[in-house]
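Before any comments, here is the structure.
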Amino acid sequence: MTVLLLVAAGFAAGLSGSIAGLASLFSYPALLAAGLPPVTANVTNTVALTVTAVGSLAGSRPELVGQGPTVRRLALPVVLGGGAGAALLLLTPADAFEVVVPVLVAAASVVLLVQPRLRAAAERRAAGRREAPRPGHVAPWAVAALFAVAIYAGYFGAAAGVLILALLLVGLPVTLLQGNALKNVLLGLANATAAIGFAVAGPVDWRAAGLMAVGLLAGSRLGPALARRLPATALRIGIAVAGLGLAVSLALRAW
């Protein structure tokens, strides 16, 4: 029964994570239900989630065409952030940070809801300054914000994908599908960096991570193809509403 639970939860997490950035909504509670202590479940979840980047990358190749300069510009901040978050988890108590997590998730969800207005305002400001977007150009505030979110991804990570997606859609001239593909790559880099630290010094349950990874790989491969068939506005609102639901759930657990 535990084997089926972890594989099925992994599939749901891979599908949800590659589309909406909410993989931990399924994977983390499943690891807890399998009997893992919270810290072990957290680090095992991060290690298992690294495979979603592989599946998502394979499924998102059309949306990643021309995005190489942006990925290269943002890779270092998210790698450094993911490593810093892993170090924080291993060296500090989690209680204080977990109290802030619901607020971050709720804020990102609200940003997604109003993203068209925020994007329109940013485009009007850019047009007023007669700015032309350059390949790979990312505003400094967006780089700093992504670094901070990558720290969170390495530390705990629930709905980190929603946070990253919200930043990308506001800060970059990309469509929802392009932003989602970029989110999958960047979150994968942050998770992979944190996973290296956890593999060396964290209490990883490798059996649980392996079982969940099987489902995660399949779900994350299917997710981008499914996202292409969904209306962009409905998908964005659905992600935001799911994020708000997760924020409430995390708040009830933490507070």
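Any read-out appearing in this document is the output of simple, stated calculations on the displayed coordinates, not a laboratory observation. All values derive from a computational prediction rather than experimental measurement. A quick note on method: Cβ atoms are made from the backbone with ideal geometry, for glycine too, and the neighbour counts reach across all protein chains shown.
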Requested in this report: Find the centroid of the Cα atoms in the range 229-250 and in the range 19-35, then give the distance between the two in whole Å.
Outcome: 16
Report summary line: Rounded to the nearest 10, the angle in degrees between the Cα long axis of helix 95-113 and the longest principal axis of the Cα atoms of the chain comes to 40
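For the ranges 31-44, 206-219, what's the packing order if you count other beta-carbon atoms within 10 Å of each residue, average per peptide, and put the highest first? Don't skip to the end; give the middle numbers.
Numbers: 31-44: 18.7, 206-219: 22.0.
Averaged packing, sorted descending, gives the order 206-219, 31-44.
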Query - Shape call, the range 1-98: gyration tensor on alpha carbons, a/c limit 1.5 - result: oblate
Query raised in the report: What angle, in degrees between 0 and 90 and rounded to the nearest 10, separates the Cα long axis of helix 176-201 from the longest principal axis of the Cα atoms of the chain?
Result: 40
Query raised in the report: In degrees from 0 to 90, rounded to the nearest 10, what is the angle of the helix 24-33 Cα long axis to the longest principal axis of the chain?
Result: 10
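Rounded to the nearest 500 deg cm²/dmol, what is the calculated helix-only ellipticity per residue at 222 nm for the chain, with -39500 (n - 2.57) per DSSP H run of length n ≥ 4?
-28000 deg cm²/dmol
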